[in-house]
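Derivation of every value follows stated rules applied to the coordinates shown; laboratory data play no part. Small disclaimer: the values here were computed from a predicted structure and weren't measured. All Cβ positions, even for glycine, are placed from backbone atoms using ideal geometry, and neighbour counts span all protein chains on display.
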Amino acid sequence: MMKYIVDNKIRRTCFCSVILMLFLIPSASLRAQTGPSSMKDSATIKVKMANAGMYPMFFPYNIGDKWHFDSAYTLKDGYRIYRLWIKEPRQQRMIVRNPSMNINVPGASIPGPQPVFLLKAGATVIVEGDANDPLFLTVKSADKEINDYEKYRSVAKKMEAERWEIIKSIYKTADQKASPEQDARREAIDSSLSEWQKTFVKQHASSYAALEVFSWYYYLINNREASNTLAGFPEKVRNSVLGKTIKTELDNVGVTSEDRVIKPFKAKGLDGNMVDIAAMKGKVVLIDFWGSWCGPCRKSHPHLKAVYEKYKSKGLEIVGVAVENGTKEKQQESWKKAIAEDGITWLQVLNNRETNDIAKEYGVKVFPTKILVDKNGKIVLRSVGDGNELDEKLAELLD
């Protein structure tokens, strides 16, 4: 199942966009940061790499919504020694600007996978390898949790490398579109990575490393399952900044999870009339969160059209909530164009991040997300993608 993810609050911004931005920044703008004043608020990274002098290297990280790009180092015994600010443990990316690893497209360069490791205050991490193969650098530390995370990465980065090779092959084609075989292989890799993440979390539930891995998929699984997984971590891990952030977001999603009464909203529809969820009590309502930019969302529309035709006369109402990007004018244009192209006939509203952020209120991070509400206003299904469970639940409610 393909999924599009936006606005991961824990990361505070889409890391893909950040990395792309970094590759477009001139080297001179990567100013060295003043080093931390003490070991308790810093970590040390020792880097020894073949061909390191050929490419700029730096470490991006966010503190208090401000991005830092540390590139200053000292030399000792053949190692580059970096000291980075850190309070809470974090997944730390290391950017090696090796252009041969990128995909060049008109006006931009898409960076390839980069090394990432767990970093903790007071810890020392040793990174070794070849700058021409940065994804497969070795990471060592005396800290057990950092080494635990490296066990996860040792498997995950092989999958990332295979997926990246598929993406590169797609961009080499004339139309830059994936073949059915390529799509199937990417989905298989994503599925394997998801299973490995869950396995790792179960095997290392007492380690902070597992919480970092959990942070990459908790919003893709059932809210109850995610909440139970979080509850299984030790109190110290749950009470970390990351643990508390995940808890808050799960609580927000829980308001619109299965067996809860729907949280009503009103918004102006495509025809200018108000769409009021509360006024639809007595009908089965399917709320579909989508976007014109989301391939899987658009691919699901023919199925939704068939569902709507089958059940409209039996009391089904569908409300599409489109989440668009760009200026207000651009959002309106993209939204209306997609509706016309896809032949959508059910109710539609445009999400407004400034005054009526329905997606945020419903804790939607992944697209498409569908929420099915029964005639009494109770949520009976919250699903990601376009799975069979929707058809099964509709048949149960309306056939």
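Below are the figures for this structure:
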| quantity | calculated |
| --- | --- |
| Reach of LYS177 by Cα under 18 Å, taken over lysines that are not fewer than 8 positions away in the same chain | LYS3, LYS168, LYS299 |
| Computed over region 298-388: relative contact order in percent, which uses C-alpha pairs under 8 Å that are six or more apart | 23 percent |
| Under 20 Å from LYS375, Cα to Cα: aspartates and glutamates that are on another chain or at least 8 residues apart | GLU258, ASP259, ASP276, ASP288, GLU309, GLU317, GLU389, ASP391, GLU392, GLU396, ASP399 |
| Cut-off 12 Å, label 7 Å out along Cα→Cβ of LYS40, residues of region 82-125 by amide N | 122 |
| Sites ILE81 and ARG353, calculated FRET efficiency, Cβ-Cβ separation with R0 41 Å, nearest 0.05 | 0.45 |
| Cα gyration tensor, region 175-314 - rounded (a/c under 1.5), prolate or oblate | oblate |
| Assigned charges on the beta-carbon of Lys, Arg, Asp, Glu; region 345-399 dipole about Cα centre (debye) | 260 debye |
| Residues MET280, MET159 arranged by fewest to most Cβ contacts within 10 Å | MET159, MET280 |
| Aspartates and glutamates whose Cα lies under 17 Å from that of LYS337, excluding same-chain neighbours fewer than 8 positions away | ASP271, GLU324, GLU329 |
| Length gained when the stretch ASN388-LYS140 is fully extended (0.36 nm per residue, less Cα-Cα span) | 84.9 nm |
| Dipole magnitude of the chain, debye to nearest 20 (Cβ charges: Lys/Arg +1, Asp/Glu -1, about Cα centre) | 900 debye |
| Dipole axis of the chain (+1 Lys, Arg; -1 Asp, Glu on Cβ), positive-most option in LEU372, ILE318, ASN223 | ASN223 |
| Efficiency of FRET between ILE103 and GLU128 - r from beta-carbon atoms, R0 30 angstrom, step 0.05 | 0.65 |
| Structure-derived semi-axes √(5λ) of the Cα gyration tensor in Å - corresponding label in (1) 31, 26, 22; (2) 37, 23, 21; (3) 42, 24, 20 | (3) |
| Relative exposure of LYS157, LYS312, judged by other C-beta atoms within 10 Å (fewest first) | LYS312, LYS157 |
| Mean separation of Cα contacts under 8 Å, 6 or more apart, over the residue count of the chain: relative contact order % | 14 percent |
| Hypothetical label at LYS378: residues of region 245-265 whose amide nitrogen lies under 17 Å (7 Å Cα-Cβ projection) | 255-264 |
| Cα gyration tensor shape for region 129-221, rounded if a/c is under 1.5, else prolate or oblate | oblate |
| Cα gyration tensor category, rounded, prolate or oblate, for region 266-398 with a/c compared to 1.5 | prolate |
| Contour minus Cα-Cα distance for LYS247 and ASP183 (0.36 nm per residue) | 19.7 nm |
| Label-to-label distance, nm, for residues given as TYR217 and LYS328 (7 Å Cα→Cβ offset) | 4.1 nm |
| Most fluctuating residue given options SER109, SER383, SER313, as computed from a GNM of the chain linking Cα atoms under 10 Å | SER313 |
| Selected from ASP65, ASP190, ASP148 as most flexible by GNM, with the chain as the system and alpha-carbon contacts under 10 Å | ASP65 |
| Filter on LYS87/LYS158; LYS268/LYS360; LYS247/LYS330 - keep pairs with C-alpha separation over 23 Å | LYS87/LYS158; LYS247/LYS330 |
| Cleavage-rule hits, trypsin sites (Lys or Arg not before Pro), region 346-382, DSSP coil, Cβ neighbours within 10 Å at most 16 | ARG353, LYS375 |
| Residue of THR355, THR44, THR124 that the Gaussian network model of the chain assigns the largest fluctuation, springs spanning Cα pairs under 10 Å | THR355 |
| Label-point gap, in nm, between LYS198 and LYS337 - each point 7 angstrom along Cα→Cβ | 3.8 nm |
